[in-house]
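Visitor: Sharing a structure below in structure tokens format, with a few things to ask.
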Amino acid sequence: MPAYYMDNQYFVIEEFDKAKTFASFLPGLAGPKGIPMWTFYVNRGQGIASFGIRDKNSPIMEFSPANISYKNVPLSGFRTFIKLGGAVYEPFQDQGEDSSIRRTMSIGLNELVIEETNHTLNLQVKIVYFNVPGDGFAALARHTEITNLSASPMPLEVLDGLPELLPYGIDNAGYKEMGNLLRSWMEVYNLENAVPFFKLRSSTKDEAEVSEIKGGHFYLSFSDEEELLPPIVDYEVIFGHNTSLVYPASFARASLEQLGAMPQITANKVPCAFSGAAGKLGPGESLNLYAMIGHTRDIGSIQSQTGRLCRAEYFRTKREEAARMAEQLTGDIATSTSSTMFDAYCRQSYLDNMLRGGYPVVFGQGQETKIYHLFSRKHGDLERDYNFFSLAPEYYSQGNGNFRDMNQNRRNDVLFHPEAGAFNIYMFFSLIQADGYNPLQVKGSTFQVPEERAAELASLLEQAVGSHRRELSAIAAKPFTPGQIIHYLCDHEIMLNVSEEEFLDKLLGLSAQNIEASFGEGYWIDHWTYNMDLVDSYRSVFPDKMEELLYTPGTCRFFDSPVRVLPRSEKTVLKDGKVRQYGSAVHDEEKLERLGGGMSDTRWLRTQHGTGEVYRTDLFAKMLSLALIKMTTLDPYGMGIEMEGDKPGWNDAMNGLPGLFGSGMGETYELKRLVLFILEALSGMPGGAVVSGDPGDSGLAGRKVRLPLEMAELLSETDSVLSRRESGDISDLECWDLLATARERYRESIRFGLSGDEQEIVFAALEPVFKRFLGRLNEGIAKAVKLGGGLVPTYFRFEAEDYEPLKGGDGGPVISSYGLPVVSVSRFRAEALPAFLEGPVHGLKLAESKEEAQGIYRAVRSSGLYDEKLGMYKTSVSLEQQPQEIGRIRAFTPGWLERESIFLHMSYKYVLELLKTGLTGTFYEEFKRALIPFQDPAVYGRSTLENSSFLASSVNPDPGVHGRGFVARLSGSTAEFLSMWSLMMAGSRPFRLSGDGDLVLELAPALPGWLFKDDGRLSFRFLGSVRVTYLNERRADTFGENCAAIRRISVKDGAGNTLTVEGSVLSGKLAEDIRAGRYTELEVVLE
């Protein structure tokens, strides 16, 4: 029977092959000076299900979805054949019920270990997997150790390897569709040198341009003698007639020596990669087989290093390096409490959050500082087979990601890496377009030395580089990545007069950083809402720099997409007698033709209607423009934000709602949050700092902001319409129509670019406008809550009750680009969808009192959103009465994916808001029910250190999946947990400004007594570098009645000097020095 437990730093699953199936992955960390590889595994066979480089179109082992991998891995994955006394035994295969066989899987942060002990054969087989870090190639390392447990000598022969290895040049989908044809290009090279090189001979597309395949996959193996083993690449040599690969028929009949003498066919078939060894093991002795399967651009470079690579010591040190790297990276969140599971979960969550958002590193100094995110990638894996992930196979690797995902997972960057500063804020605000939307795909950054700094570049190269200066200058003059520079240095054996790190630091300091992005697909209504989370995090660390953040000129741009949202007159259509909104977003071919470029290019909004300079502004103006455009997208009842761009909000499975004129209340709450922030900025600097106006201005009220003329005109028109609605001159529908018309006219005016003209507006004039915005939002929220019966609905859909067909000049119907007749709607009827958790989550964010928050909590808890059996919260109540038109969510099985499941990202958001609103006791009542490390792993069905995208809820028709986690790890839940962790450990705003404007650090832990150790200690890493230890001898809660409060703080620097301060407040230079990392430890006494 499967069992689950922690053993040191490993999560162990006994009888893993009989446990509930799950899929996961190695993190693909190779370090800055390593080449990453993606590696997926399942708890069947020998674990590894697929691996390769860059993306699933460069597989070494075929990529298959999880449900197929569970079936195929025992045969298509790694195999080990052991011949004992003439019979072949294969460990990790299903041998039926055999109580003498014990199998375990041990999951580390950066490795996977499986082990089988066969007490009948007195044999133990242990296999360790890890990705090779810090070397010039990408590789999966595999160490197989076979141990004789008997008291007698044991002669044996072993074959170990992979039955199918796909040559480089094959794309995964192509192989699945035309695998038989693709054999025609396949060949294995370099077999005679015992390091086979697997690749296609040339490109395979049916087109005029044909290219030779450069680079390839390699296989290298050795045993205890540390000499290359002769590989077998022809599977028929091992399996013979047994094409099912179930049994090694040839090996069963012949010795290893005889197999090695057989001719191997190296072309026109899918190769394998095996090697073997024979020996006589004494009692307790082991036979070790080591293998690396990877990718290189030049097989000669691997061949020349075999003396270094074929060493057990190399494997040992690389395994240690891989483990140490993961420990060091997650050391930023090192936590020590009474719960070792919780502590380990903190590290795992931090790691997985980093993998989706990236790990920020700093290049350059002072004003030339650049932030570069390593290790990021899109969340694609065996369970997310729909996502196309990518890991750049280069040094200083980074990958692609989606706007929402990357934004969310970088929310806490500044809390762990204050040096990241405002980079993410400016980046993600700049990616917001002037139409209020944003590109989906965010790519890795590139760098480029501007022409005006060419002389400085030449000087740097003269001082630092021994040769190839002209070539390096040419590379740096175009977009490049740090990895490309280091690869060039290595490939050409260029000597540096400084370290690589110093050279990169200076080169990137000279360079301009290019934020790269592209449209991708669709315009979601919620992506922009994550931007304010970045601002809040920054404010909690740098309250003294908020004025600089908001008003520094030129910090923000507007992304300019080649896809536009159509006006209502081109997308409001009639289908089957019902009015729908279809084909809302279209590729703007006229824009592409006029301005040039392609769909995937990064482009920024320019003046002179697209032909002038890139338009730049400050963050405050960008916030104003965003709030303005979103105010014009309120639905016909003034409640939710319209889904007018072809996509819904966070819940992608509501994909039908945009066609039903859907709107979302979550986004309305977020718009209110933005408007409140703007009003705070207009009335006084957020953070409490004093804002000075320009000389001659009458203080803050006289301060000015500059807006593009087109935006200023839209602002004026929007204010005028809302003023008329406020006075009762127009109805809600008329207000909606006028605002939509103004929005459409504005978008058409900036379709190709801005004019470049600007208008100055004083703060005093802006304040009443945004107060009017706030009033309109409050009115809409109140109306929505009433329609929801006290629990705010998350979604509305609208049915047109009166409409008129539009007619063309010839009197015939106007046909949209979607192919349907266009209509104009004069009356809508709103319908609230059944309750979803998302709306109340956003409502809690803006709760103005604990009592209001408690009311929302009680309403949610008493609704169908609460899963009584699991004690957790579902995405929604039953959708059974909803039409299929609302989206694929309706077609999903209840309790699965987004439909009525425990979607961990949203469930964590909800629990987080309980803590943020001050319902700390309630938060901890939910804590152990809601958080993954406190789940029963036998129910959860996988490591309880790893989050899942969702847990099947108790409404699922299969009771066996209730509470079980699906879709591994890389989700927004990690960001929500890190936010919880920060609030628990240090409070919501550890840094603030005093009344005199001094910086103040005041820790405000919200911790339960049971989380402190028996000696009253609890420690964590503050700001990623400062070790904080709380001493709470009576182990009291730090919240509520009779709570433990901070009495004194001892501050220690790196030299061991200690300063003790009475009370809970550290201020002035001391607070600044702690933030700057000049102190390494804080010991905080609570009484």
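Visitor: Need the list of lysines near Lys575 for cross-linking: C-alpha distance under 23 angstrom, and skip anything on the same chain fewer than eight residues off.
Guide: By straight Cα distance, Lys575 reaches Lys647, Lys807.
Visitor: Please work out the FRET efficiency for the pair Leu84 and Gln328, using the Cβ-Cβ distance as r and a Förster radius of 51 Å; give the result to the nearest 0.05.
Guide: Values: r = 43 Å, r/R0 = 0.84.
Efficiency computed from Cβ-Cβ geometry: 0.75.
Visitor: Among all the lysines, which ones have a C-alpha under 19 Å from Lys622's C-alpha, if same-chain residues fewer than 8 places away are not counted?
Guide: Lys545, Lys630, Lys672, Lys704, Lys771
Visitor: Can you list the lysines whose alpha carbon sits under 26 Å from that of Lys18, skipping same-chain ones fewer than 8 residues off?
Guide: Correct list for Lys18: Lys71, Lys83, Lys126, Lys869.
Visitor: So which GluC sites (Glu not before Pro) in segment 810-863 end up in coil per DSSP with only 14 or fewer other C-beta atoms within 10 Å?
Guide: Glu848
Visitor: Quick one: give the max-minus-min coordinate of the C-alpha atoms of segment 838-974 along each principal axis, largest first, in Å.
Guide: Its Cα atoms span 40, 37, 26 Å along the three principal axes.
Visitor: For the chain, would you read off the P(r) tail past 51 Å as a percentage of all alpha carbon pairs?
Guide: Details: 158595 of 590241 pairs.
Tail of P(r) above 51 Å: 27 percent of Cα pairs.
Visitor: Here's a follow-up. Shape verdict for segment 142-205, please, from the Cα gyration tensor: rounded (a/c under 1.5), prolate (a/b greater than b/c) or oblate.
Guide: Judged from the Cα gyration tensor, segment 142-205 comes out prolate (a/c at least 1.5, a/b above b/c).
Visitor: What is the distance in Å between the Cα centres of segment 150-213 and segment 1003-1067?
Guide: A separation of 57 Å, based on Cα centres.
Visitor: If you find the alpha carbon centre of segment 505-568 and of segment 14-70, how far apart are they in angstrom?
Guide: If you average the Cα positions of each part, the centres end up 34 Å apart.
Visitor: Here's a follow-up. Go through segment 122-218 and name the trypsin sites (Lys or Arg not before Pro) that are in a DSSP coil and have 14 or fewer other Cβ atoms within 10 Å of their Cβ.
Guide: Values: sites: Lys126, Arg142, Lys176, Arg183, Lys199, Arg201, Lys205, Lys214; in loops: Arg201, Lys205, Lys214.
Filter output for segment 122-218: Lys205, Lys214.
Visitor: Cα axis of helix 531-541 to longest principal axis of the chain: angle in degrees, 0 to 90, nearest 10?
Guide: Orientation of helix 531-541: about 90 degrees from the principal axis.
Visitor: Divide the volume of the convex hull of the Cα atoms of segment 447-514 by its number of residues and quote the answer in cubic angstrom per residue.
Guide: On the way: hull volume 4.9 nm³, N = 68.
Expressed per residue, the convex hull around the Cα atoms of segment 447-514 is 72 Å³.
Visitor: Report the percentage of all Cα-Cα pairs in segment 521-666 whose separation exceeds 20 Å, rounded to a whole percent.
Guide: The answer is 60 percent, as a whole percent.
Visitor: Next up: How large is Rg over Rh for segment 3-328, taking Rg from the Cα atoms and Rh as the Kirkwood inverse mean of 1/r across Cα pairs?
Guide: Working: Rg = 18.9 Å, Rh = 20.0 Å.
Ratio of gyration radius to Kirkwood radius for segment 3-328: 0.94.
Visitor: Would you mind getting me the FRET efficiency between Glu97 and Arg929? Use the beta-carbon distance for r and R0 = 45 Å, nearest 0.05. Can you show the working numbers first?
Guide: On the way: r = 36 Å, r/R0 = 0.80.
About 0.80, to the nearest 0.05.
Visitor: Using only Cα atoms, find the angle between the long axis of helix 732-749 and the longest principal axis of the chain, and express it within 0 to 90 degrees, rounded to the nearest 10.
Guide: 70 degrees
Visitor: Working out 0.36 nm times the residue gap between Ala891 and Asp1073, then minus their Cα-Cα distance, what length gain in nm do you get to one decimal?
Guide: Details: separation 182, 0.36 × 182 = 65.52 nm, distance 5.62 nm.
Stretched out fully, the Ala891 to Asp1073 stretch lengthens by 59.9 nm.
Visitor: Quantify how much of the Cα-Cα distance distribution of segment 1027-1087 extends past 14 Å, in percent. Intermediate values should be presented prior to the final figure.
Guide: On the way: 1043 of 1830 pairs.
Here the tail beyond 14 Å accounts for 57 percent of pairs.
Visitor: In whole Å, what are the Cα extents of segment 967-1087 along the three principal axes, biggest one first?
Guide: On the principal axes, segment 967-1087 reaches 47, 33, 33 Å in Cα extent.
Visitor: On each of the three principal axes of the Cα atoms of segment 253-364, give max minus min coordinate, whole Å, ordered largest first.
Guide: Largest to smallest, the principal-axis extents are 58, 46, 28 Å.
Visitor: How much length is gained if the chain between Val362 and Asp996 is pulled fully straight, taking 0.36 nm per residue apart and subtracting their Cα-Cα distance, in nm to one decimal?
Guide: Gain on extension, Val362 to Asp996, equals 225.0 nm.
Taken together, the values in this text are just the output of simple stated rules run on the coordinates, not laboratory data. Computed from a predicted structure; not experimentally measured. All Cβ positions, even for glycine, are placed from backbone atoms using ideal geometry, and neighbour counts span all protein chains on display.
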